[in-house]
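Each value in this text was obtained by applying a stated rule to the coordinates, not by laboratory testing. In this text the structure is predicted, and so the values were computed from the model without any measurement. Positions of Cβ are generated from backbone atoms using ideal geometry, with glycine treated the same way; all protein chains shown enter the neighbour counts.
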Amino acid sequence: VCSSDLGEGAAKPPDKRQFQKPVADAVEADINQNVRWRGRRHPYRLAQVKPEGKVDKVGQGENAMAETEVLRRMTIVEGDITRLEVAAIVNAANETLLGGGGVDGAIHAAAGPALLEECRGLGGCPTGEARITRGYALAARHVIHTVGPIWQGGGEGEEALLAGCYRGSLTLARDRDLKAIAFPAISTGVYRFPPARAAEIAVATVAQFLADDRIPEKVIFCCFGEVSADAHRAALSGIG
Ligand code: AR6
């Protein structure tokens, strides 16, 4: 990984577990071309790139090409989603769509008051669904607001609702021909969804969607911290 792409993160040696095998040049180039951050240098580090061996292992059976392609289109990064330069970032909102804490608060703060103004006109959003607005002062052109389930032990349909958030967001992106979309780890903060299970649902749902559709071309899991990135990494190796 080129140190100029890592900004401040370059001072810290990468976690050995992530780089046990040489990274495929093609995959790395693709990530660097498609994940852009506001500002010349950014405080993020790539949390995951597919090691060569992993991609090769997927290449078996009739749908081998499709599976490899699907893996190539998913990326995990660690950092603040509000600074990602992508067509759309996803907001983990609540049913009012009128802002809150966590990533929701950060997105509204970075987008400015015009975002709240547009959200007021949407009249809320049920849990498990998604709505789209412009991105205003954000680096992202659009915000897709989705409402994750509040974790209540798992017996209240939380898993299906969380999958609905990912599918609904991806459907909006596809219908508007948005090429790249970044997700936070929906429901795993204030809403207390167990991060490992949430990551499995996120990755499996996105992979299924990408296998069926060409758009979005790129899906970024923007993880806030190493625990979340680890959970997504584990989930990705689970399907690879
Ligand atoms: N960039 C990326 N991820 C972030 C950021 C950020 N700037 N900030 C936090 N996260 P949460 P929820 C991560 O609580 O669980 C709000 O008040 C965070 O570490 O933001 O779906 C809404 O209005 C966690 O991994 O969302 C709702 O009322 C993930 O984003 C409620 O919280 C989601 O944490 C929604 O709760």
### Message
What distance in nm lies between label points placed 7 Å from Cα along the C-beta direction at A160 and A234?
### Response
2.6
### Query
Where nothing but the Cβ of Lys and Arg (+1) and of Asp and Glu (-1) is charged, how large is the charge dipole of region 142-219 around its Cα centre, in debye to the nearest 20?
220
### Task
Could you list T96, T133 in order of exposure, starting from the residue whose Cβ has the fewest other Cβ atoms within 10 Å?
T96, T133
### For H142, residues with placed amide H under 5 Å, excluding near neighbours
A88, I89, G135
### Query
Once amide H atoms are built 1.01 Å from N in the peptide plane, which residues 5 or more positions from E78, or in another chain, come under 5 Å H to H?
R45, A47, C223
### Query
Under the Karplus relation 6.51 cos²θ - 1.76 cosθ + 1.60, θ = phi - 60°, what is the ordered set of whole-Hz ³J(HN,Hα) values for region 188-193, x standing for Gly and Pro?
8, x, 3, 7, 6, 5
### Query
Where both residues lie in region 68-151, what percent of DSSP beta bridges are antiparallel, nearest 5?
45
### Task
Give a residue-ordered list of calculated ³J(HN,Hα) values for region 124-141 (Karplus: 6.51 cos²θ - 1.76 cosθ + 1.60, θ = phi - 60°; whole Hz; x for Gly, Pro).
x, 7, x, 4, x, 10, 9, 9, 10, 9, 6, x, 6, 6, 6, 5, 7, 6
